Amino acid sequence: MEELAFKLEAFEGPLDLLLHLIEKNKVSIYDIPIAEITDQYIEYVAAMDHEDLDLVSDFLVMAATLLDIKARMLLPKEETEEGEEEDPRAELTERLLEYKRFRAISEELRDCAVLAEQVMFREEDLPKEVRNYRPPIDLDSLLQDVTLQRLKQVFDDVMRRREDLVDPIRSKFGQIRRETVQISDQIVKVRKALEGGKRRSFRSLLKKGTSKVEIVVTFLAILELIHTGDIFLTEDSTRDDIIIEGKRQDE
């Protein structure tokens, strides 16, 4: 037998080494000369660095498998239920084919990664007007089945109930003070009440107002948030109310 000389390489596992030997000997994976390949395989394992016991054990298990196949090749071949002769190398061939497919896929992915590293992207050079463009708000989708007339009805009802709470006699006493309620402050309050996609009753938000002016300004703040698309409205017919839902951060 001609002496085999090959450079000791780092193989990923026993199947990787077997494929190397099959390709080196230029033999078919479907007709492996098991005796020759086994001898070469054992010769490589004997020359390995035995410090990594986990890695060496995998190679030794495959060596035992090859020796078992080699021994079975010398015995009379067994037959299947259909009367066909069983090839002791069949299972090993299937494992080698599967490993070869996975190795080809991994090499393809590696090549894609190398090509991706060579791709250069242009810096963003869009005009400022284009970058700052935002599509118009679809009020129909925000209001869904709620109409502005329905909002006004709830608002009027809250205002009417507010008037009913005022004592007509005592209200005439006391000092008249000018109330300063900013719409920007109410927008902040409403946003905080609805942050994270929380749901609140339209009536409850209006009723938080301690005066008519605050109720009116709160109503205007809600209309502004509807216009900017920061809140969504749905009808709550069971409670004769409207549910307001805040915009989530991921939307």
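The values are calculated or read from the model by the stated rules, or taken from the named source; none is laboratory data. It should be emphasised that the depicted structure is a prediction, and the values quoted were computed from it without experimental measurement. Please note: Cβ atoms are built from the backbone with ideal geometry, for glycine as well, and neighbour counts cover all protein chains shown.
Brief remarks follow.
- Counted residues, segment 201-214 - those being at pLDDT below 80 and β-branched (Val, Ile, Thr): 1
- The lone criterion from (1) within 30 Å of Tyr133 (Cα to Cα); (2) at pLDDT below 80; (3) touching a Leu at 6+ places or on another chain (Cβ under 7 Å) left unmet by Glu251 is number (3).
- Every pair of residues 6+ apart whose Cβ atoms lie under 6 Å, when the first sits in segment 56-78 and is in the same structural domain as Ala90 (by TED's automatic domain parsing) and over 14 Å from Val45 (Cα atoms) while the second is hydroxyl-bearing (Ser, Thr, Tyr) and modelled with pLDDT of 85 or more: Lys70/Thr38
- Filtering segment 179-200 to residues that are modelled with pLDDT of 80 or more and of a type in the set (S, T, N, Q) leaves Gln182, Ser184, Gln186.
- Lone qualifier among Glu84, Glu94, Glu78, Glu43 - being at pLDDT 90 or above and surrounded by fewer than 16 Cβ atoms within 10 Å (Cβ to Cβ): Glu94
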